[in-house]
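The values are calculated or read from the model by the stated rules, or taken from the named source; none is laboratory data. These numbers come from a predicted model, not from an experiment. Backbone-built Cβ (ideal geometry, glycine too); neighbour counts: all protein chains shown. Note: areas computed on protein heavy atoms with side chains; ligands, DNA, RNA excluded. Shrake-Rupley method; radii C 1.70, N 1.55, O 1.52, S 1.80 Å.
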Amino acid sequence: MKYIFLLLLCLSSSLYAQCNVENEECIAIDEWQFSLALGAGVITNPLHGGKNIPLILIPNFSYYGENFFIENSVLGYSFIEESHIAVSLISQVNRENAFFSRWHPSNIFVTERFNSAIGVSPPPSEDNGEEIEISLDDIEKRAWAIDGGLQINWFVTNKTDVKAQVLHDINSVYNGFNAQIEINHFLHFQQVDQAIVKLTLGGNWQSSEQVNYYYGIDTQDDSSGSALYQTTSSFSPYIKLFGHYQLTQQWAVRVNLSREFLSSSLTNSPLVSEDTLDTFFVGVTYVF
Amino acid sequence: MYSKTGKYCYLLLIFCFIKPVNSTEPSQIEFSIKPIACVVKQAGDACTMTVKVHWRAKLPINSCLYQEDEKTFCWQDKSEAMANLAINFKENMMFTLRDEGNNIFAQQEVLINSSSSKKYRRRLRSSWSLF
């Protein structure tokens, strides 16, 4: 890790990160941007009894002022923004509750009819009680958390950037922290300059308070006390692949693939049935 | 899609005129810098170009050329001189010809203009953050 950091530092001193208006990662100041994606995809739900989230029609909006920005459910204020680095205070909706609730902001515009096909509760364990499974239908509802904290963007080169953030729930839902770090690398093709491919490697860290709030089992969930589960913090690495092909000024084709390898602190929970969290989407986007 | 900002610099070959200031003999010194403007694609982009500096006085003088507050060239007992200077700048830049006492013989500003009035930022979050 130390050597990767040093390598990135060397690269950053020789290359200059600039905002290229032809690139999706560059956005005009003081303009709202609205777009819609229409296609087919799914975000898997790793919980017993959890419903996968189909992706059919997805809205996207953003606004960047001189310092302030909104990117879907993320609000931010950048108090340092240089060519190589930006430091921002941000607030965003915590993702975890999306797996416990149908009415998470990220689930808006998702049609219900797909759930009957892909949201089937898993069959009871055949280990005859050795492995306890608890469906989210049988536990207390989890609340939405609004996180706030610090985000740092480091534009290492004009093709590579690193994003790191540390957040704390500001509405005292789980009273803990979470953090994320990821490195993004863009691939451009001289022969096909309408195409962009982005590869992301990263990891999500959750404090024990957050893991236990969402994935733990306490006496409110299980009054008998036979399946109580409390655990430690978690770190779940992930990989993402994003492809974008510009058809016209408004229309583009995009493909998203991602897999998050869930930490054992999560997968050992009686609530969790899957080891990974997958996202797939292919479709077209229209920018208004 | 990315390219050096220099690619976007289009030089405007606009003649500049004498602009004497606070000189003991201001009317006797001609001072010119060409070109006097650089056009970049968007505000905030840097421009890299080479400017040609030329000055002429009726009598020999000792003088220095300043790029803002930085001394770049000096001449001793010359009545005319020419120099090429590579510059990289993001905002308008003032050039002055001064004597040894730091008095300004003449000055000229080199302008940076953007072809688009829009300003841009890097996205700080991925769009479609649902993914």
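Partners of A:LYS163 within straight-line reach, counting aspartates and glutamates whose Cα lies under 12 Å from its Cα and excluding those fewer than 8 residues away in the same chain: A:GLU182. For peptide B:90-102, the mean count of partner chain Cβ atoms within 10 Å of a residue's Cβ comes to 0.
Let a ≥ b ≥ c be the square roots of the eigenvalues of the Cα gyration tensor of segment B:52-97; is it rounded (a/c under 1.5), or, if not, prolate (a/b larger than b/c) or oblate? Since a/c reaches 1.5 and a/b is larger than b/c, the shape of segment B:52-97 is classed as prolate.
Calculate what fraction, in whole %, of the accessible area of segment A:168-224 sits on carbon and sulfur atoms when a 1.4 Å probe is rolled over the protein chains.
Details: 1520 of 2760 Å².
Roughly 55 percent, rounded to a whole number.
Working note: Karplus 6.51/-1.76/1.60 with θ = phi - 60° gives segment A:190-201 the couplings 4, 6, 10, 6, 7, 9, 10, 10, 10, 10, 10, 10 Hz, where Gly and Pro are set to x. Putting +1 on Lys and Arg Cβ atoms and -1 on Asp and Glu Cβ atoms, find which of B:GLN42, B:ALA57, B:ILE87 reaches farthest to the positive end of the dipole of segment B:23-116. Checked the options; the winner is B:GLN42.
Annotation for segment B:63-93 versus segment B:31-60: alpha-carbon center distance of 10 Å. In order along segment A:32-46, the Karplus-derived 3J(HN,Hα) couplings, from 6.51 cos²θ - 1.76 cosθ + 1.60 at θ = phi - 60°, round to 6, 10, 10, 8, 10, 10, 10, x, 9, x, 7, 10, 6, 10, x Hz, and Gly and Pro are given as x. The HN-Hα couplings worked out from phi for segment B:68-82 by the Karplus form 6.51 cos²θ - 1.76 cosθ + 1.60 (θ = phi - 60°) are 6, 9, 9, 6, 10, 9, 9, 10, 10, 6, 10, 9, 7, 7, 9 Hz, whole numbers, x standing for Gly and Pro.
Around A:THR276, under 12 Å between beta carbons, what's the net of Lys plus Arg minus Asp minus Glu among the other residues?
Details: positive: A:ARG259; negative: A:GLU260, A:GLU274, A:ASP275, A:ASP278.
Once positives and negatives cancel, what remains is -3.
How many Cβ atoms of partner chains, on average, are near each residue of A:26-32 if near means within 10 Å of its Cβ?
4
The shape of segment B:48-131 can be summarised by an equivalent ellipsoid whose semi-axes, obtained from the alpha carbon gyration tensor, come to 41, 12, 10 Å from longest to shortest. Taking a straight Cα-Cα cut-off under 17 Å and skipping sequence neighbours fewer than 8 places away in the same chain, the aspartates and glutamates within cross-link reach of B:LYS58 are B:GLU25, B:GLU30, B:ASP77, B:GLU80, B:ASP99.
Could you run the numbers on buried accessible area between A and B, total for both chains, 1.4 angstrom probe, in Å² to the nearest 100? Write down the numbers at each step before the final one.
Details: alone 16260 and 9180 Å², together 21540 Å².
Roughly 3900 Å².
The aspartates and glutamates whose alpha-carbon is closer than 19 Å to the alpha-carbon of B:LYS90, local same-chain residues fewer than 8 away aside, are A:GLU66, A:GLU81, A:GLU82, B:ASP45, B:GLU68, B:ASP69, B:GLU70, B:GLU109.
About its Cα centre, what dipole magnitude does segment B:23-116 give when the only charges are +1 on Lys and Arg Cβ and -1 on Asp and Glu Cβ, stated in debye to the nearest 20?
Values: 9 positive and 12 negative charges, 66 e Å.
Magnitude of the dipole: close to 320 debye.
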